[in-house]
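One structure is given below, encoded as structure tokens.
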Amino acid sequence: MKMEYLDFVLVPLGLAALLIYHLWLLHKILHHPDTTVIGNNARNYVVWVETIMQSVRYYSNAGCLLAIPPSKSHRQPGSSYATGCVIKGSYFSALGFHSLYFSIPLFVWIFGPIPMSMCSLLLIFLLYFLDTFRGNDGNKEAIHGSVKRVGLSSHLDQPV
């Protein structure tokens, strides 16, 4: 088979494999967020923002929201908005990194279609281990316990 024909076969297969992986990851994030790192980070940020509302002031644009003084009640004013901003920032960060990862096989395409398709398959293998979450039940119980203390059990039941 000529090298030009490999471009027409292997490159679309590599790009299609990456696209299918990212569609699968999006489905997992939307329907089963506990099985992904992104979904677990979003749930952990809910606890983080509620418990450390006053002491942390350096997480991107949400830093100014975290400096809101506490109200007379135990619940922080604007904490749900700050939580949403931190979670949205986390989503955009993950999207940016995945865009960067997606560009790696396109760069390797300079060396030919075979390295590009191999790089795509290797990238899918590595991203699977970076994106999926295989936590232990003890950690989940610790998160649920701290969430109940803060009063965020309603946030955990909502889809991320």
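FYI, it's all coordinate maths here, none of it is from the lab. Since the model is a prediction, treat every value here as computed from it, not as a measurement. Here the Cβ positions follow ideal geometry from the backbone for every residue, glycine too, while neighbour counts run over all protein chains shown.
Here are a few things to note about the model shown:
- Annotation: average projected area of segment 1-43 is 3.6 square nanometres, based on the convex hull of Cα atoms across all directions.
- Under-5 Å amide H pairs with PHE133, H placed in peptide plane, nonlocal only: THR36, VAL37
- From most to least packed by mean Cβ count within 10 Å, the peptides 18-30, 114-126, 38-50 give 38-50, 114-126, 18-30.
- In a fully extended conformation the segment linking TYR5 and PHE125 would gain 40.6 nm over its present Cα-Cα distance, using 0.36 nm per residue.
- Counting neighbouring beta carbons within 10 Å and listing from fewest to most, the residues ASP131, ASP7 come out as ASP7, ASP131.
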